[in-house]
Ligand code: FDA
């Protein structure tokens with residue numbers, strides 16, 4: 001119930017204005033967001049990389065409503081990749097970028113899919129030039145088909161383009177089976193968007209079971225699984241699956257969000273696992289932050305306390 005309310009709030013303009021103007025919201029935001037500007041995000045990536053962690057940087061923003069905006073988001077990513085390369089972070093998969101399809105135009109009233117495809121292609125070209133990769137995030141369920149079509153089209157030229165599967169969707173085991181092909185980089189997450197019962201599992205237990213099922217398919221397949229979860233039980237299952245399928249530490253990776261379970265991130269990296277941290281940056285942090293609150297209501301109390309004690 002609370003999760004549903006928070007996910008609705010993540011799309012509300014009124015709630016956005018209220019929270020963004022709260023004077024000390026920033027202190028809390030800093031726990032999850034690496035800063036407003038690309039150079040701040042690159043500094044965080046540099047620090048994480050020095051601790052043996054891999055990084056995927058995300059420029060915050062979604063639901064681009066004008067073609068010009070999509071072009072600007074593309075420009076931002078190209079500049080970001082340039083900064084990562086200049087900082088020496090693009091080799092050996094150390095820092096890559098994650099892109100939301102609606103940020104690069106997928107939701108535009110006209111030519112949305114074409115605009116998103118062309119903009120992601122431009123970002124892929126810059127990433128390849130710098131020696132790194134791109135992963136296309138997955139958003140709400142109505143965009144899944146188009147997003148997978150975009151990935152499939154672009155993989156003709158950029159075979160290392162990553163995509164995301166959300167275990168909360170009923171279709172996801174089938175999608176994983178289709179995607180578990182040689183070289184295919186697939187990030188598996190539970191899913192951060194609300195979706196109706198005809199397309200998504202309703203309970204946490206079902207979503208978790210689906211995650212384990214999808215993980216098994218990806219780990220047994222011949223692609224490169226990227227297991228995005230903070231869930232201790234699923235992380236244990238991942239290690240068992242790696243053992244069963246004979247995958248070495250370089251043949252799959254764990255992924256977690258910046259600011260969530262950092263000690264566990266470091267523990268996995270220190271134990272020799274490939275551990276990637278998803279690092280968002282930018283001033284458009286509202287929807288991202290509210291989705292994080294929805295995942296863990298305890299964070300709501302933390303957030304309220306921070307606002308109360310610092311104001
Ligand atoms: P779950 O939410 O069940 O949490 C399991 C445990 O992890 C909790 O009990 C708690 O200990 C800890 N935890 C989880 N969230 C926390 C929080 N906010 N604060 C503190 N502790 C927390 N989604 C999507 O729809 N499309 C996408 O493209 C992506 N991309 C993506 C990339 C990466 C690298 C990650 C890690 C996640 C995503 N997600 C995503 C988000 C994902 O779908 C999901 O909402 C969150 O990862 C939370 O789910 P968990 O698997 O962590 O489990």
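Rule-based calculations on the coordinates, nothing more; no lab input. No experiment lies behind these values; they were computed from the predicted model shown. Heads up, the Cβs are rebuilt from the backbone with ideal geometry, glycines too, and the neighbour counts pull from every protein chain shown.
Values for this structure:
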item: Residue among 300, 48, 188 with the largest mean-square fluctuation in a Gaussian network model of the chain, springs linking Cα atoms under 10 Å; result: 300
item: Theoretical ellipticity at 222 nm over the chain - DSSP helices of four or more residues, -39500 (n - 2.57) apiece, nearest 500; result: -16000 deg cm²/dmol
item: Centre separation in Å (Cα based) which lies between segment 146-181 and segment 205-278; result: 18 Å
item: Ranking of 219, 256 by count of other Cβ atoms within 10 Å, fewest first; result: 256, 219
item: Volume of the Cα convex hull of the chain, divided per residue and given in Å³; result: 127 Å³
item: Exposure proxy order (Cβ contacts within 10 Å, fewest to most) of 90, 64; result: 90, 64
item: Cβ-based exposure ranking for 186, 28, in which fewest neighbours within 10 Å come first; result: 28, 186
item: Residues residue 92 and residue 204, FRET efficiency given R0 of 25 Å [Cβ-Cβ distance, rounded to 0.05]; result: 0.10
item: Segment residue 300-residue 173, extension gain: residue separation times 0.36 nm, minus the distance between their alpha carbons; result: 42.5 nm
item: Cβ-Cβ FRET estimate between residue 128 and residue 283, R0 fixed at 30 Å, reported to 0.05; result: 0.60
